[in-house]
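No lab work stands behind these numbers, since they all come straight from the coordinates. Note that the coordinates shown come from a computational prediction; the quantities given were computed from them, not determined experimentally. Glycine also receives a Cβ, built like all others from the backbone with ideal geometry; neighbour counts cover every protein chain displayed.
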Amino acid sequence: MIGNTCLMMSRIIWRNRYIILRRTVQIGLLVLFGGANWWGWKFLMGNYSSAYVFETFYLADPHAVLQTFAAGFVMSTDAIVGGIIVLLFYALIAGRSFCSWVCPVNMITDLATYLRKKWKITSKENFFSISRKTRYWVLGLGIVLSPIVGVAAFEIINPITLLHRGIIFGFGMGWAVIIALFLFDLLVVEYGWCGHLCPLGAFYSATSRFALIKVKHDVNKCSMCMKCFGVCHEEQVLHIVGKHSGFIKNECSNCGRCIEVCEDNALKFSIYNTKI
Amino acid sequence: MADTQNMNSRRDALKTMFRGAGLLGLGGAAWGSAAIRLKASELTLRPPAAIKEELFVKACIRCGTCVEACPYDTLQLATLDDHTAMGTPFFKPRLIPCYMCTDVPCVPVCPSGALDLKNIAKQIDGVQTEKPDINKAKMGVAMLDQEACLAYWGIQCDACYRACPLLGEAITLEFKRNERTGKHAFLKPVVHRDVCTGCGLCEHACVTEKAAIFVLPRTVATGRVGAHYIKGWDEADEERLKNMKEAQTKKSSPEDELNDWEYLLDDE
């Protein structure tokens, strides 16, 4: 009896292994950042815009550094080097994993999506729809606007960093923006913010084309159950599923949800352009 | 038939293009004007060694490392309702002033260059060093509302004078006979703007209900005479006249005429 329960528990954990890991990383990072502000820890000071790691080096949001550059200010070497480290990490190794493994907005939009599905708020009525390509226009517009308005255009309205800062330094009225974002995802467009509008997601999608860690599909094992389509936040990246083997590219955020639901072992994390 | 279809699809394509361009323009205009509104922060007091406001809102990466480095919780990051660029650091001296730490922990941790140690670099024998000198900070300047100041009423109060970390330099007391009573003295505090750091300890200490002495950013609180006025009674200032080649109403080369903090001001 107990053995059975254990087996079931371990099965549930296994079936949700990536989501558990992702939440651990997301919340763990928040605790480290929060600890720096609340209790004076020195592991990770700052927030996701720029972090001071072990009081030795800096990490920075490359998108913010880029906008600032466009606005006409060259940041100090600390921030530029920090931005390059982060950019290279995602571009060469981790892909767009910032979005599903680090960004706390992901937890909000995941909750919205979960409730949307649970309460069957489908987008069939389709009273409002936006293209998934919109985010690239938002990305470009932000860079173009920065020199015109004389400030990093997206950073000044950025709900992602607003949430980071809110959790670590206090919200003020900022929570209203987060509620708006949640309601948008819940009631208006499925995966509305992360999957359609967010320029940071677009930035990492555009730069991580050749990242090493990617999900690999083996068509020979696929039974076309379509479960992966049901959970994927960026369905368009799964276009090869059931058609031919290969790597999942472009906007895939390496969340691993498709791997968890696949009962045929037709999807797994792999190294890009290798046979592993 | 095929031709009309082509025409239609071309027309559709054009329509889509114009619609897209319209949306882009609309989005850009709305976003741009919001951004311009949101970056307005004229009345904000920044941490020590901040570069001038217009550049500061560009440069600051909004990470809050300076806020965490501040041991007195003076600095805070602006939220949506703080009337300044969201996520940038500022302080309200009436709540918590800047206690002017001699090691200035908030400045060296800044990764972006928004806080620049050069602005408060210690000078030893006229040579700039890497060390900070908090007395050179120019976060703002203390303004005094004489009507609300008890000392100007004739009641003895030197709270701001005593609180000032540059006691006797940034705020001095001016002694005047109180004609009303005939036997008392006014001890009137006077702020010297070239020395004042804008730390706000005076504002914090002020005993009136709403502070009679308060810190404002230098861009807001200072005037400038202009280079065409010369102090005839000041030999050093007279020298300027000799160096001037022709009548100029515009400032010629501002650099050497500016006080060391005037890099903070907008120069038009």
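HN-Hα J couplings of region B:180-190 from phi, Karplus 6.51/-1.76/1.60, θ = phi - 60°, integer Hz, Gly and Pro as x?
4, 8, x, 9, 10, 10, 7, 10, 8, x, 10
Hey, what angle do you get for helix A:62-71 against the long axis of chain A, alpha-carbon based, 0 to 90 degrees rounded to 10?
Tilt relative to chain A: about 40 degrees.
For the pair residue B:183 and residue A:57, how long in nm is the line joining their label points, each one 7 Å along Cα→Cβ?
It is 7.5 nm.
Hull surface divided by four, with the convex hull built on the Cα atoms of region B:129-174: how many nm²? Numbers along the way, then the final one.
Numbers: hull surface 16.2 nm².
If I average the Cα hull's projected area over directions, I get 4.0 nm².
For a Förster distance of 56 Å, can you work out the FRET efficiency between the beta-carbons of residue B:219 and residue A:244, rounded to the nearest 0.05?
Result of the calculation: an efficiency of 0.35.
How crowded by other chains is B:27-38, given as the mean number of beta carbons from other chains within 10 Å of each beta carbon? All intermediate terms of the calculation are to be shown ahead of the outcome.
Details: counts 5, 7, 1, 0, 9, 7, 1, 4, 13, 7, 2, 5.
Neighbouring Cβ atoms belonging to other protein chains average 5 per residue here.
Under 4.7 Å Cβ to Cβ, no partner at all: give me those cysteines from chain B, in residue order.
B:60, B:63, B:70, B:101, B:110, B:149, B:157, B:164, B:196, B:206
Within a 10 angstrom radius of each residue's Cβ in A:71-79, how many Cβ atoms of other chains show up on average? Whole number is fine.
What the average comes to for A:71-79 is 6.
Could you give me the ³J(HN,Hα) list for region B:223-237, computed from phi with Karplus coefficients 6.51, -1.76, 1.60 and θ = phi - 60°, whole Hz, x at Gly and Pro?
x, 9, 6, x, 6, 7, 9, 10, 7, x, 8, 10, 4, 4, 5
Taking amide hydrogens as modeled 1.01 Å from N in the peptide plane, which residues meet the under 5 Å criterion relative to residue B:122, leaving out close sequence neighbours?
B:129, B:131, B:133
Which whole-angstrom value gives the distance between the alpha carbon centres of region B:118-144 and region B:1-76?
Going from one Cα centre to the other spans 34 Å.
Among A:68, A:56, A:161, determine the one that fluctuates most according to a GNM of chain A built with springs between C-alpha atoms less than 10 Å apart.
A:56
Please list the radius of gyration and Dmax for chain A, considering alpha-carbon atoms only, with Å as the unit.
Final numbers for Rg and Dmax: 19.6, 68 Å.
Just tell me how shielded B:110-118 is by partners: mean number of partner chain Cβ atoms within 10 Å of each residue's Cβ, no decimals.
6
Given a cut-off of under 8 Å on Cα pairs at least six residues apart, what relative contact order in percent is computed for chain B? Spell out each step's value before the answer.
Working: 430 pairs, mean separation 44.5, N = 268.
The normalised contact order for chain B reaches 17 percent.
In whole Hz, what ³J(HN,Hα) sequence does region B:118-129 give by Karplus (6.51, -1.76, 1.60; θ = phi - 60°), x for Gly and Pro?
Once rounded to whole Hz, the list reads 4, 5, 10, 5, 6, 9, 10, 6, x, 9, 5, 10.
Can you check what the Kirkwood hydrodynamic radius comes to for the protein assembly as shown, Cα pairs only, in Å to one decimal?
27.1
So what is the relative contact order for region B:141-221, in percent, with contacts set as C-alpha pairs under 8 Å and at least six apart?
This gives 40 percent for region B:141-221.
What is the set of long-range amide H partners of residue B:184 at a cut-off below 5 Å, with H atoms built 1.01 Å from backbone N?
B:178
For region A:67-203, what's the relative contact order in percent, using C-alpha pairs closer than 8 Å and at least 6 residues apart? Each step should come with its number before you reach the end.
Working: 129 pairs, mean separation 52.3, N = 137.
Across region A:67-203, relative contact order equals 38 percent.
What would the Debye formula give as log10 I(q)/I(0) at q = 0.16 Å⁻¹ for the alpha-carbon point model of chain B, no solvent?
-1.25
Could you state, as a whole-number percent, how many of the C-alpha pairs of region B:53-136 are farther apart than 17 Å? Numbers along the way, then the final one.
Values: 1770 of 3486 pairs.
More than 17 Å apart: 51 percent of the Cα pairs in region B:53-136.
If I fit a long axis through the Cα atoms of helix A:105-118 and take the longest principal axis of the Cα atoms of chain A, what angle between them do I get, 0 to 90°, rounded to 10?
Relative to chain A, helix A:105-118 is tipped by roughly 40 degrees.
Which of B:137, B:85, B:34 moves most in a GNM of chain B, Cα contacts under 10 Å?
B:34
To the nearest 10 degrees, how steep is helix B:2-39 against the longest Cα principal axis of chain B, on a 0 to 90 scale?
Once rounded, one gets 10 degrees.
Does region A:213-271 come out rounded, prolate or oblate by the C-alpha gyration tensor, with a ≥ b ≥ c the root eigenvalues, rounded set by a/c under 1.5 and, if not, prolate when a/b is larger than b/c and oblate if not?
Cα axes put region A:213-271 in the rounded bin.
Taking the DSSP beta bridges in chain B as the whole, what percent of them are antiparallel, to the nearest 5?
The answer is about 95 percent antiparallel.
Taking Cβ-Cβ under 4.7 Å as the only way to count a partner, pick out the unpartnered cysteines of chain A.
A:6, A:99, A:103, A:194, A:198, A:222, A:225, A:232, A:252, A:255, A:262
Of the candidates B:96, B:230, B:51, which one comes out as most mobile in a Gaussian network treatment of chain B with C-alpha springs shorter than 10 Å?
Maximum among the listed residues: B:230.
Could you let me know the centre-to-centre spacing of region A:1-36 and region A:191-269, using Cα atoms, in angstrom?
Using only Cα atoms, the two centres lie 22 Å from each other.
Collect residues whose amide H, placed 1.01 Å from N in the peptide plane, falls under 5 Å from the amide H of residue A:46; neighbours closer than 5 in sequence don't count.
Placed amide hydrogens put A:52 under 5 Å from residue A:46.
For the pairs A:120/A:221; B:138/B:242; B:52/B:176; A:214/A:243; B:131/B:231; A:118/A:216, note any where the Cα-Cα span goes beyond 27 Å.
From A:120/A:221; B:138/B:242; B:52/B:176; A:214/A:243; B:131/B:231; A:118/A:216, over 27 Å: A:120/A:221; B:138/B:242; B:52/B:176; B:131/B:231; A:118/A:216.
What is the distance in Å between the Cα centroid of region A:43-107 and that of region B:196-237?
If we compute the Cα centre of each part, the gap is 39 Å.
Label residue A:265 and residue A:118 with points 7 Å out from Cα along Cα→Cβ: what is the distance between them in nm?
3.3
Shape of region A:127-183 from its Cα gyration tensor (a ≥ b ≥ c, root eigenvalues): rounded if a/c is under 1.5, otherwise prolate when a/b > b/c, or oblate?
Taking the square roots of the gyration eigenvalues as a ≥ b ≥ c, region A:127-183 is oblate.
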